[in-house]
Structures are given as C-alpha cells and as structure tokens.
Amino acid sequence: MNCAAPTLMPELILHILDQLAFYETSADRSQQVLYSCLRCLKLLVDSMNFAFHVTEGGDDPGSHQFAGPASSDGARLTQWTELTAQLCAWYNSRPQELTPLFETEEFQDTFPVLIFSNGAGVSSNALYHAAMLLLFSSKPQSLSDHEAQMVTDIDATQTMLMWHARCTCGIAVNSEPERTGCWDPILIAAFVLAARHITQSSERWDIIKCLTRVKTAGWRVDSLIENLRDEWGIDGRRG
C-alpha cells in the first residue's frame with residue numbers, strides 16, 4: 001500500500017516455511033491449508049521486493065515507484081517469469097478449502113462475486129491477486145502481454161492487471177468484516193492497493209462502503225478512506 005518492499009519479513013517467512021515444510025504433504029488438511037497460505041504470503045513478499053525500490057528521494061513515499069532493483073533486463077525478465085509461474089502454480093494447486101464456494105463473472109459496473117467458506121480462502125486469494133497485480137504493474141517493458149502468457153503458460157485473463165485488481169476488490173467487498181475474522185493489515189493493504197486502480201464511480205462507492213464496514217469492525221481506516229476520497233474527488237454525501 002505504501003509502495004515499499006518489506007525488510008525483515010522475507011527471512012522470517014522463509015524460516016517459518018522451512019520449519020513447517022512437512023505440512024505441505026501432511027494428511028491433516030488444516031496443516032496443508034496453513035502451509036499454502038504461508039506460501040502465498042511468501043510469494044506476495046517476493047513480488048513486493050521485485051516491484052518496489054526507493055529512488056533518490058529516500059524515504060519520501062512519493063519517490064517509490066513500480067520498478068524493481070537495478071539489474072540486467074535478462075535477469076529481471078527471468079525473475080519476473082519465475083515469480084509469475086510460481087503464483088500461477090499456487091493458484092492452480094491450492095487446497096480445495098481455499099477455492100471459492102461461489103464465483104461469478106464480473107458485470108458492467110460491478111465487481112466479480114467470490115465467496116469463500118473461511119477466512120483463509122478470503123485472505124490468501126486476495127493476496128494472490130494483489131501479488132499478480134504488482135507483477136503486472138512492473139512487468140518488463142520488453143515483454144508483451146501475449147509473450148507473458150506464452151512464457152508463463154497462464155490463461156490470458158490472468159495477464160490483465162485490471163482483472164487482478166477487480167478480483168481483489170470483489171473478494172473484499174463480498175467478505176463481511178464483522179464475521180469472517182480474516183481482515184488484518186495485510187488484507188486491508190491489498191484491498192487499498194487494488195482500489196487505486198478502479199475507475200468506475202459506482203465501484204469506488206462500493207469500496208468506500210466496504211472500508212466503512214471494516215472501520216465498524218474495529219479497524220482504524222479513517223485516513224485510508226479519506227485518502228481515497230481525496231484521490232477520487234468524492235465527498236461523503238452518498239452511501
């Protein structure tokens with residue numbers, strides 16, 4: 001949300017995944033789900049490290065950009081391709097408990113509806129789409145969308161930045177902050193990151209209403225709501 005790469009988090013998650021590696025093939029479904037969720041979080045961290053770097057502006061938030069650390073074009077392309085393929089592999093092999101109970105295609109002026117049976121499904125899938133959004137926001141310029149589809153062997157839809165933004169928002173607005181128990185700073189950040197790509201007025205109001213429900217559930221998101229209102233030039237007279 002702040003367009004900055006994490007610092008200590010990559011090492012911490014690697015340590016946790018190493019300690020829980022046997023969970024991946026455990027007969028206990030809850031252990032498999034836990035490992036898969038942590039794996040998705042690790043891939044999000046890797047995507048953040050790829051996408052964000054600080055320019056000469058230092059800690060000034062305005063100096064952060066969608067661009068990876070300085071490296072050769074070839075090395076950067078390889079890293080992007082590997083990360084995208086790993087995320088797609090996660091998505092295609094996630095445990096059944098992390099797949100939607102109900103899913104619809106998006107309609108004009110409405111987000112896609114994705115309903116999950118548990119908070120782990122809500123959170124992990126939102127983080128998956130946020131990670132893909134970051135990667136396609138920072139895709140190497142030499143790589144076309146068609147080439148991206150070919151080198152990663154993914155569905156054409158998944159190469160669309162806006163599809164991932166809208167899916168992230170669709171997951172969030174169809175999750176009840178008061179009941180699901182999955183809302184936390186990471187999910188809120190992923191939601192706000194995706195929200196900034198949304199241009200439809202009605203969908204922006206859906207986002208504001210959802211964040212208002214998150215606030216009612218106890219999270220301090222007043223400044224996030226106000227920042228989005230300012231960015232979008234809307235006031236509080238509706239909703």
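Structure values in brief
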| quantity | calculated |
| --- | --- |
| Some residue of region 188-210 being of a type in the set (Ser, Thr, Tyr), part of a helix (DSSP H, G or I) and within 26 Å of LEU101 (Cα to Cα) | yes |
| Of residues in region 170-186 being under 22 Å from PRO6 (Cβ atoms) and at pLDDT below 95, the one nearest to the chain's Cα centre (by Cα) | ILE186 |
| Subset of region 58-101 [among the acidic types (Asp, Glu) and at pLDDT 90 or above] | GLU82, GLU97 |
| Which numbered condition TRP163 misses (of (1) within 22 Å of THR212 (Cα to Cα); (2) modelled with pLDDT under 95; (3) assigned to a helix (DSSP H, G or I)) | (1) |
| Top-ranked residue of region 115-159 - restricted to ones that are in a loop (DSSP other than H, G, I, E, B) and surrounded by 16 or more Cβ atoms within 10 Å (Cβ to Cβ), ranked as modelled with the highest pLDDT | PHE116 |
| Subset of region 74-106 that is aliphatic (A, V, I, L, M) and without any contact (Cβ under 8 Å) to a residue 60 or more places away in the chain - its residue that is farthest from CYS182 (Cα to Cα) | ALA75 |
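The values are calculated or read from the model by the stated rules, or taken from the named source; none is laboratory data. Just so it is clear, the model here is predicted, and its values are computed rather than measured. Here Cβ is always computed from backbone atoms with ideal geometry, including for glycine, and neighbour counts include all displayed protein chains.
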